[in-house]
Amino acid sequence: LKETAMSLVRRILVLLEKHQHVTVWSLAGNHDADSALALQIALKFYFNNNPRVTVDDGTSLYKYMRFGKVLIGSHHGHGAKAVDLPMIMAADRPKDWGDTAHRVWHCGHIHHKQVLKDYTGCTVEAHRTLARQDAWHAGQGYRAKKDMSVIIYHRYFGEMQRSRFDVSMAV
């Protein structure tokens, strides 16, 4: 947890070099609800006196951000099925749903990169993990690649560009 927190602090500080404000979401997963909360508390404490960083301290499993005509949702990916996420978004954010043209969910949980589906009105996408492999996953034979993507959205036209960042580059 300490290693994860320090890595996130470093990434947030890098983001602050280029951006006026950084918002941080910590989404609890099916294996780490307590550590996700601890991470959220640690980051909130660390950036407490920095008005340019907002650490979302809500407990919802679903987070949303509106950017012009783009509505972005994030969920760990456990619990609700991908097919249900578009309607969850529409129910949770009806005004934003109606006022946007580009809607997307970003999830984890399955630990590999996959556009799960372009549903009517919304895309659901899963991303690879950044986490170290634990004993259980290693024993099951899982060998997920570790990376993340920087996705750039245009406020009117939706996704414009992606860049891949391999976890080995963070060392």
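What follows is calculated from the coordinates using simple rules that are stated; it is not laboratory data. Small disclaimer: the values here were computed from a predicted structure and weren't measured. Methodologically, a virtual Cβ is constructed for each residue, glycine included, from the backbone with ideal geometry; neighbour enumeration extends over all protein chains shown.
Grab the other residues whose beta carbon is less than 13 angstrom from that of Gly73, score K and R as +1, D and E as -1, and report the net.
Net local charge, Gly73 excluded: 0.
So if R0 is 22 Å, what FRET efficiency would Leu16 and Gln161 give, r being the distance between their Cβ atoms, rounded to the nearest 0.05?
For Leu16 and Gln161, the calculated efficiency is 0.55.
Averaging the inverse of every distinct alpha carbon separation and then flipping it gives the Kirkwood radius. What is it for segment 1-60, in angstrom units?
Computed over segment 1-60, the radius equals 11.8 Å.
Fully extended, how many nm does the chain gain between Trp25 and Ala101 (0.36 nm per residue separation, minus their Cα-Cα distance)?
25.0 nm
Find how much the distance from Gln140 to Met87 grows on full extension, using 0.36 nm per residue of separation minus their present alpha carbon separation; answer in nm with one decimal.
15.7 nm
Given 0.36 nm per residue, what is the gain on full extension from Asn49 to Ala33 after removing their alpha carbon distance, in nm?
Separation in residues times 0.36 nm, less the Cα-Cα distance, equals 3.2 nm.
Show me 150-161, 59-70 ranked by packing, highest mean number of other Cβ atoms within 10 Å first.
Those peptides, ordered most packed to least, come out 59-70, 150-161.
A 25 angstrom limit on the alpha carbon distance is what I want to check against. Which of Lys69/Lys117; Lys81/Lys145; Lys69/Lys145; Lys44/Lys95 exceed it?
Among Lys69/Lys117; Lys81/Lys145; Lys69/Lys145; Lys44/Lys95, the Cα-Cα distance tops 25 Å for Lys69/Lys145; Lys44/Lys95.
Around Asp99, under 9 Å between beta carbons, what's the net of Lys plus Arg minus Asp minus Glu among the other residues?
Surrounding charge for Asp99 is +2.
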